[in-house]
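Throughout, read-outs are computed from the coordinates displayed, never taken from laboratory work. Keep in mind the model is a prediction, meaning the values are calculated, not measured. Every residue, glycine among them, receives a Cβ derived from its backbone with ideal geometry; neighbour counts consider all protein chains shown.
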Amino acid sequence: MKQFQSSRRSFLALAAMTPFAVMATTACGTSGPGGAAGGGASMWFLSGEPNQTTIQKAVDAFVSSNPDNKISVTYFQNDAFKTKIKTAIGAGQAPTIVYGWGGGTLKTYAEAEQVEDLTSWFDANPELKNKFFPSSFGAATVNGKIYALPNQYIAPIVLFYNKELFEKAGAQPPKTWDDVMSLVKTFNDMGVAPFSLGGQSRWTSMMWLQYLLDRIGGPEVFKAIFEGKPNAWMDPAVIETGAKVQELVSADGFIKGFSSITADSKADQALLFTGKAAMMLHGSWTYGAMKKDGQNFVQDGKLGFVGFPTLPGGKGDPKNGVGNPAQYMSISAKATDEEKETAKKFFKDGIMTDTVIDAYINSGSVPIVNGIEDKLASSEDKDFLNFVYDLGKNAPHFQQSWDQALSPTAAEALLNNIDQLFLKSITPQQFAENMNATLGK
Amino acid sequence: MSAATTHRAPSELSKNELTSQPKSALAWLTVPALFFFVVFAVIPLIGVLILSFARWDGIGAIGAAGMENWTSVLADPDLYNSLGLTFLIMIVSWLVQTPISLLLGVFTAGTQRYRAALAVLYFLPLLLSSAAVAIAYKALLDPNFGLAMGLGLPFLAQDWLGVPQLALGLIIFVIAWQFVPFHTLIYQGGVRQIPKSLYEAAQIDGAGTIKQFFHITLPQLKYTIITSSTLMVVGSLTYFDLIFVLTGGGPGNSTRILALDMYLRGFRANLMGPASVIAVVLVVIGLALALFLQRLGGKDKQGSQLEGM
């Protein structure tokens, strides 16, 4: 019985410790290569091609022409990165260069003084500031100060479709919501899923709501939400948006099993180019990924793309776009002066060089750089690039992705409620009420 | 807590081989354990308790929140959903895993060579990390590109992780797949410690295999069952990685158990205060369950199962 006596104690200890073990496991992901050893700057970036190669080449080129400045890059999957970077910043373990999407998350960092104010640095380097689309600075600005360098490319959400399947069905891409609903029937009858969707990632489902709300109620509805006006989520346009989503779900508009597909697995893109789904609403960045993974699907001209359809009686301009106006890089306030200088030098001379700009164009993206129209026009992907350029740059209103624009607390509540809305476990009315409770949080 | 052990060190101890040791020396032996317990359990517990009364987004400054976190979390229907799910998974997991591991444990305790060979196969899942198990199952169960399509078995092509009830059932299955080998190992050890003479005596009295199982094996495994159940029940409070990778708490909130709820609130929604409230709730439930299970072992803890042997 002696053994039992002692084991009982250790079980109590175990019982007391297990919850912390969870806290520890959840938190221990933060102990990454925070400050890189040897005085060099560190950067975290998203894994996945074609951008991973582009960034690595940019860093390599910068380091080889600036041997005194070292930058080490670590790559993470998108969804994992979003949590990891937040936790790392909170723990004071952030990399020198903080990658992100601006907006509400950047605001949290800026208000906690975790990222450097770059306003005066941009004033001292006007040629850099003038290099980028002026519209790309909106999401980098908090309380009138610039906290991030806009970079990479403009990423509107695009309605992609499989031209081969449309030919087989004798159908045209949708222009109105009625077209959408009749195409849903056409493709379901053919045994093909109408829309591919990586619903487990949730921000993928959110893209539907963003476009629907814009087309139904115009950009003012989300503007009021963003500004935290009382009862902004209770706008009838929000409830109609929810109803339209559920109408599409009920009509089997999305691929079977959409709520267990993650965007990081790229299965949603594979469904489109393998002909298992006819259409997909997704970011313009998937063009490059499909070009790489899709076995000549893109090269053979089988990938079609259109703007989001209009809705009957809708107030939004059909030319409006949603998506990411750019990607952003900030500098951690916790970095050493040496690391900060390296990062600034990289921002100026390394991150958006002509080579990098060409690499983005070649992989089907529109860099946020002024005066690239000629380069776009001479690209083999010029149809898509011009389409994206038009949607991104010339749109009367371009709405930043909601989950990036809102505060992290409101964004998590939004994604959670969107998941339930698509699952039909809450009504559009409940969705609006739940979200209304998050205003100002 | 560990210090108490020495005070209550059963008189039995001094009667036996430790008679020569002075009691003070015995107390010193607990110091390393006590140190780690304080550093890794008591101090974080106090920290979490303090955070549960604080307003903190995980990034900026920490401010006092009074009772705000507690009132908001305790009034949140999501908490009760998570609590219910946690207990549901706990109970069903216990009901599924205990009989299987018990029977497998008894089976693998035999010394025949084929049993040893099968035992090696049963224990394979023990070698895999939860995240690896989850990623593998997620790929296999993908309704469009998974096992069902690969093997041409359309009935397998359910939306396993996309329908709330299926997802919950599947998680209980995967948890069992991963943890049954571990509990089998515990039972195997327990069965091997039962003296052969008990079975020999039973055989002489004419008891068959089934009677032997119910009248010798099961009662002799009483403490093994309590050990295994405690690990299972308290462990189920902390299932996190598996569910996080498989479903992320979805679809909807249908697999958002307490540990996951804590993580999502703390690290996704930047609400460290409410997340700490849930951590405290987890501690209280874990302690209560562990105490309750130990009480099930009976008041007479000095009682031996080998009386008269």
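In chain A, with Lys and Arg counted as +1 and Asp and Glu as -1 at Cβ, which of these residues, A:Pro156, A:Gly294, A:Gln93, has the Cα nearest the positive end of the dipole, that is, farthest along it?
It is A:Gln93, whose Cα lies furthest towards the positive end.
Given H placed 1.01 Å from N in the peptide plane, which residues other than close sequence neighbours of A:Val142 have an amide H under 5 Å from its amide H?
For A:Val142, the qualifying residues are A:Tyr147.
Convert each backbone phi in the stretch B:92-102 into a coupling constant with the Karplus relation 6.51 cos²θ - 1.76 cosθ + 1.60 (shift: θ = phi - 60°), then list the ³J(HN,Hα) values in order as whole Hz, x for Gly and Pro.
Here the 3J(HN,Hα) series is 5, 4, 5, 5, 7, 6, 4, x, 5, 5, 4 Hz.
Relative contact order for chain B: what is it in percent, counting Cα pairs under 8 Å that are at least 6 residues apart?
About 26 percent, as a whole number.
Past 22 Å, Cα to Cα, is the threshold; run A:Lys244/A:Lys266; A:Lys86/A:Lys291; A:Lys107/A:Lys223; A:Lys84/A:Lys107 against it and keep the listed order.
Pairs exceeding the cut-off: A:Lys244/A:Lys266; A:Lys86/A:Lys291.
On average, how many beta carbons from a partner chain sit within 10 Å of the beta carbon of a residue in A:84-91?
The per-residue average across the peptide is 3.
Can you sort A:Lys344, A:Lys302 by how many other beta carbons sit within 10 Å, fewest first?
Fewest-to-most Cβ neighbours within 10 Å comes out as A:Lys344, A:Lys302.
What net charge is computed for the residues neighbouring A:Ile97, neighbours being all others with C-beta under 11 Å from the C-beta of A:Ile97, Lys and Arg scored +1, Asp and Glu -1? Walk me through the numbers on the way to the answer.
On the way: positive: A:Lys340, A:Lys344; negative: A:Glu116, A:Glu339.
Local net charge: 0.
Taking neighbour counts of Cβ atoms within 10 Å as a proxy for exposure, in what order, fewest first, do B:Asp261, A:Asp117 appear?
Ranked by crowding around the Cβ, least crowded first: A:Asp117, B:Asp261.
May I ask you to derive the FRET efficiency for A:Tyr75 and B:Ala288 from their Cβ-Cβ distance with R0 = 41 Å, giving the value to the nearest 0.05?
Step by step, r from the Cβ atoms, then E = 0.40.
Which order, highest average first, do A:266-272, B:147-153, B:58-64, A:208-214 follow once you tally other Cβ atoms within 10 Å for each residue and take the mean per peptide?
Top of the packing list down: A:208-214, A:266-272, B:58-64, B:147-153.
For chain B, what is the Kirkwood estimate of the hydrodynamic radius, computed as the reciprocal of the mean inverse distance between distinct Cα atoms, to one decimal in Å?
Computed over chain B, the radius equals 22.9 Å.
Rounded to the nearest 0.05, what FRET efficiency do B:Glu68 and B:Ala201 have when you use their Cβ-Cβ distance and R0 = 41 Å?
So, using R0 = 41 Å, E works out to roughly 0.05.
Per-residue counts of other Cβ atoms within 10 Å, averaged by peptide: what ranking do you get for A:434-440, B:35-41, highest first?
Numbers: A:434-440: 16.4, B:35-41: 14.3.
In descending order of packing, they fall as A:434-440, B:35-41.
What FRET efficiency would be calculated for the residue pair B:Leu95, A:Asn188, taking the C-beta separation as r and a Förster radius of 30 Å, to the nearest 0.05?
That gives a FRET efficiency of 0.15.
Considering the alpha-carbon set of the protein assembly as shown alone, what are its Rg and its Dmax in angstrom?
Taking only Cα atoms of the protein assembly as shown, I get Rg and Dmax of 29.7, 98 Å.
Counting only other chains, and only Cβ atoms inside 10 Å, what mean value do you get across the residues of B:277-284?
What the average comes to for B:277-284 is 2.
Any idea how far apart A:Asp117 and B:Phe155 come out in nm if each label point goes 7 Å out from Cα toward Cβ?
6.9 nm
Give the order of A:Tyr389, B:Tyr263, A:Tyr75 when sorted by the count of other beta carbons within 10 angstrom, beginning with the fewest.
A:Tyr75, A:Tyr389, B:Tyr263
Using only the alpha-carbon atoms of the stretch B:70-200, report the extent along each of the three principal axes, biggest first, to the nearest angstrom.
59, 49, 24
Report the charge-dipole magnitude of chain A in Debye, nearest 20, computed about the Cα centre from +1 at each Lys and Arg Cβ and -1 at each Asp and Glu Cβ.
Details: 39 positive and 44 negative charges, 239 e Å.
Dipole magnitude for chain A comes out near 1140 debye.
Between A:Thr427 and B:Gln212, how many nm apart are label points set 7 Å from Cα along the C-beta direction?
Here the modelled spin labels are 6.5 nm apart.
How shielded is B:135-147 by partner chains, expressed as the average number of their Cβ atoms within 10 Å of its Cβ atoms?
Numbers: counts 1, 0, 0, 5, 2, 0, 2, 5, 7, 15, 8, 2, 0.
Taking the mean over all residues of the peptide, I get 4.
Given points 7 Å out from each Cα along the Cα-Cβ axis, report the A:Asp178 to A:Asp293 separation in nanometres with one decimal.
3.7 nm
How large is log10 I(q)/I(0) at q = 0.06, 0.07, 0.12 Å⁻¹ when the Debye formula is applied to the Cα atoms of chain A, each weighted equally and without solvent?
Rounded to two decimals, the profile gives -0.27, -0.37, -1.04.
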